[in-house]
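The values are calculated or read from the model by the stated rules, or taken from the named source; none is laboratory data. Everything quoted here is computed from the prediction, not taken from an experiment. Using ideal geometry, Cβ is built from the backbone for each residue, glycine included, and neighbour counts are taken over all protein chains shown.
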Amino acid sequence: MRARCVSIDKLKGVSGEPWVDRSRRPFVDGKRAFIPVKDGFFAEMVLPERIPYRGRGYQMVGDIALVHGDPPTSSDIVALVDWARPRGVIHVGGYTGPMRIPVCTRVWGTGGIVRHRENGCTFVLDPERVMFAQGNREEKAHMASVSGKSERIADMFAGIGYFTLPCAQAGARVHAMELNPEAFFFLRQNIIENDVQARVRAECGDCRDLLRGTYTRMIMGHFDAPSMMADALAHAGPGSTLHVHGTCPAESSIRRAVRDAGFSATITERRVKKYAPGRWHRVWDVVLT
């Protein structure tokens, strides 16, 4: 790669220069950044091309790498650190309980609070304390695209603001409810960080006790959501849309709950991502009539 070297604190300042090849990523080594240079412009050096990464899968949340599944080996960690250059590597063995608390071990480097940018939102979180649902990126964007300025939305399992923030940025008024105090702490920070205080009311507690009035849209982003249909339907009306998440077939139970509440509905199933062998994370879009 043809490159110029600048100090890390000048990286943002040169990003708009005409000589920068923005089709390639800068290479950062400590306090130095090697910026790729377009053909036809002066370059200070030619760096050898990096060998493509063929190690185990990982997710970058801010500048920390998360590894799921079996614990990484020493060679896994070395390859990952050499490729992604995170400040820390955390092994996430799973999540426990209804509050989805991470069961994790820091296997390299440092941890702590990160700032993660996604779809125009900034998420502040500590991945050792709360779950970050990075695999739901398209679903978050979808929620922003369907939310309107005239809507009153219930985000029944808000977490750190996965759906609350994009919906509020789209102009909707959001009632965000979260049971986990740790996640709620970051939810409040993220509401301020993204400057949506005027459009979000956040409450910590069981959403079944916090729902108030009638909502035009209800986001039920928890895998136990199908079992809570009656609670949600008590705060919906004709024209309301419920987005019901789950991992097991649930359309028949959803239709039964809708019928018992005195509504009929159009139900559309969407698949978000593979959850486990033979199981999908699904969303049922339920439009009440």
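Quick look at the numbers
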| item | result |
| --- | --- |
| Listing of strands (runs of 3 or more DSSP E) fully contained in segment 1-115 that carry 3 or more residues being surrounded by 13 or more Cβ atoms within 10 Å (Cβ to Cβ) and not polar (S, T, N, Q) | 2-7, 32-36, 64-68, 88-96, 101-109 |
| Residues of segment 159-175 classified as assigned to a loop (DSSP other than H, G, I, E, B), surrounded by 24 or more Cβ atoms within 10 Å (Cβ to Cβ) and more than 11 Å from the chain's Cα centre (by Cα), total | 1 |
| Filtered residues of segment 1-30 (kept if of a type in the set (A, V, I, L, M, F, W, C), more than 32 Å from the chain's Cα centre (by Cα) and more than 21 Å from D82 (Cα to Cα)) | W19 |
| Hits in segment 16-52 (condition: farther than 30 Å from W108 by Cα and either modelled with pLDDT under 90 or basic (K, R) (or both)) | G16, R22, S23, K38 |
| Conditions (1) modelled with pLDDT of 95 or more; (2) surrounded by fewer than 22 Cβ atoms within 10 Å (Cβ to Cβ); (3) charged (D, E, K, R); number of the one not met by E178 | (2) |
| Every pair of residues 6+ apart whose Cβ atoms lie under 6 Å, when the first sits in segment 53-66 and is under 15 Å from T105 (Cα atoms) while the second is surrounded by 16 or more Cβ atoms within 10 Å (Cβ to Cβ) and hydroxyl-bearing (S, T, Y) | A65/Y58 |
| Residue list for segment 43-57, filter: more than 18 Å from S23 (Cβ to Cβ) and over 30 Å from the mean Cα position of the chain (by Cα) | E44, M45, P48 |
| Members of segment 141-150 found to be in contact with a helix residue (DSSP H, G or I) (Cβ under 8 Å, 6 or more places away or on another chain) and either surrounded by fewer than 24 Cβ atoms within 10 Å (Cβ to Cβ) or part of a loop (DSSP other than H, G, I, E, B) (or both), listed by number | A141, A144, S147 |
| Any chance M220 is surrounded by 13 or more Cβ atoms within 10 Å (Cβ to Cβ), modelled with pLDDT of 95 or more and closer than 15 Å to M99 by Cα | yes |
| Pick from segment 265-289, criterion under 23 Å from the mean Cα position of the chain (by Cα), among the aliphatic types (A, V, I, L, M) and modelled with pLDDT of 95 or more, ranking: farthest from E139 (Cα to Cα) | V286 |
